[in-house]
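The numbers here are math on the coordinates, done by the rules we state, and not lab data. Predicted model, so just to flag it, every value in this text is computed and none were measured. Every residue, glycine as well, gets a Cβ built from its backbone with ideal geometry; the counts of neighbours run over all protein chains shown.
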């Protein structure tokens, strides 16, 4: 049995793993899929949403789990798992970047290479949040996903706190750098372009690369394959 902690990305919540969690649990694994501060059903104010707090939030979850964990981050959630690994490297069996932001020390989400996407983000009047155009988000996030699931997901998107996008990772080679990394590419991703995924891997090489031929949200469009890939990773990194 493996431990999994699944971290969602921008505008999402732990709900986005709803198709994958029961599959992993059916194979006997322990799974947590929390809401990051300021997203999902967590109502932390945008001014209090920081990369440090995200990292500590995830690291604290790891400390409550018996044994080491396969820590999975999707999209912007990659920033959260990187920072968490810096705080609690001994609790992480492997970091899994699922079409996720994976950057070096001192970098922010603003440094993502080849930042082409179709989200059409619009800031709130006070600049504290950003929203995606619903029609654009539907295709950028869920282009290969069945209609019922993508409509269900779209209805639960929340505004994204803006400040965290410019906050820099604080990582060290001794701590973060000691943790195994696996990158899962989503080949038809319209939110985090494939060339961006590969540019980040070229800059920060991983121990392994896996491909899923689908959109930005394989937990909805390819849940069985996503589950199988995660189980394969857990069998290698424990």
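A helix-only calculation puts the chain at -9000 deg cm²/dmol for mean residue ellipticity at 222 nm, using -39500 (n - 2.57) for each DSSP H run of at least four residues, averaged over all residues.
Report, in whole Å, the centroid distance computed from the Cα atoms of the stretch 166-231 and the stretch 1-49. Their Cα centres are 17 Å away from one another.
Applying 0.36 nm per residue to the separation of residue 209 and residue 43 and subtracting their alpha-carbon distance, the gain on full extension is 56.3 nm.
Residue 148 versus residue 64, label points 7 Å from Cα toward the beta carbon: distance in nm? The modelled label-to-label distance comes out at 3.3 nm. Length available on full extension from residue 170 to residue 120: 0.36 nm per residue minus the Cα-Cα distance, which gives 15.1 nm.
For the stretch 116-197, the gyration tensor built on C-alpha atoms gives an oblate shape. Its axis ratio a/c (a ≥ b ≥ c) is at least 1.5, and a/b is not larger than b/c.
Each of 107, 209 was scored by other Cβ atoms within 10 Å of its Cβ. Listed from fewest to most, they are 209, 107. In percent, rounded to a whole number, the relative contact order of the stretch 3-236 is 23, using alpha-carbon pairs under 8 Å and six or more apart.
Taking every alpha-carbon pair under 8 Å whose residues sit at least 6 apart, the stretch 22-91 reaches a relative contact order of 27 percent. Beta bridges per DSSP, both residues in the chain: antiparallel share near 20 percent.
Among 99, 166, 82, which one shows the biggest mean-square fluctuation in a GNM of the chain, springs joining Cα atoms closer than 10 Å? Highest fluctuation among the options: 166.
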